[in-house]
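Below is one structure, written out as structure tokens, with a few remarks after it.
The values are calculated or read from the model by the stated rules, or taken from the named source; none is laboratory data. Just so we're clear, the structure is a prediction, and the values are computed from it rather than from any experiment. Cβ placement follows ideal geometry from the backbone for every residue including glycine, while neighbour counts extend to all protein chains displayed.
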Amino acid sequence: MAELVLALLLWITIETGLAMPPPPPVLTISREEMAERSLRTTDVKGLYDRETGTIYMLDGWSSANLHGRASLLHELVHHTQAFNKVPSECAAKQELQAYNLSLQWLRHQGVADPYAVLEVDDLTIAVIAMCHAEG
């Protein structure tokens, strides 16, 4: 696992030009705990905790398949963004870079339809990356 994390972090830093952060802890947690931590009821497969610098992946997650590795890469993008203090209008806006890099990485792996692997489309990504007014 440590080698995979380092390889993905290196790929992210090469693609973005951002400084490479130290590898974060990666833990698997239950669906209930994921829902509690993410404060969402939707099917969240991974989560980056900016407070602790920890990546949480849903129980059953595996690095043995492309979807699993792409999901980990997505969370590592957030870790890299936090380490580099990448400015953003809101946290949701950082999803755009994370999804785009995940899609790009899948294409580099020879995947013809990376959207299908991630089970997402451009409209969904746009909605996820929208800032929401508070208040």
Next item on the list: Could you please find all residues in the range 38-65 being β-branched (Val, Ile, Thr) and at pLDDT 90 or above?
Entry: Thr52, Thr54, Ile55
Next item on the list: Identify the single condition in (1) in contact (Cβ under 8 Å) with a residue 40 or more places away in the chain; (2) out of contact with any Pro (no Cβ under 9 Å at 6 or more places or on another chain) that Ala98 does not satisfy, given that it satisfies every other one.
Entry: (1)
Margin query: free of Cβ contacts under 8 Å to residues at least 40 places away in the same chain and either loosely packed, with under 14 Cβ neighbours inside 10 Å or not aliphatic (A, V, I, L, M) (or both): is that true of His132 in this structure?
Written below: no
Notebook entry, point to check: When you scan the range 1-51, how many residues do you find that are small (Gly, Ala, Ser), over 26 Å from His108 (Cα atoms) and either touching a Cys at 6+ places or on another chain (Cβ under 9 Å) or touching a residue at least 24 places away in the same chain (Cβ under 8 Å) (or both)?
Noted result: 1
Margin query: Please pick out the residue among Ala92, Ala98 that is touching a Cys at 6+ places or on another chain (Cβ under 9 Å) and either among the hydroxyl-bearing types (Ser, Thr, Tyr) or under 22 Å from Ile125 (Cα atoms) (or both).
Written below: Ala92
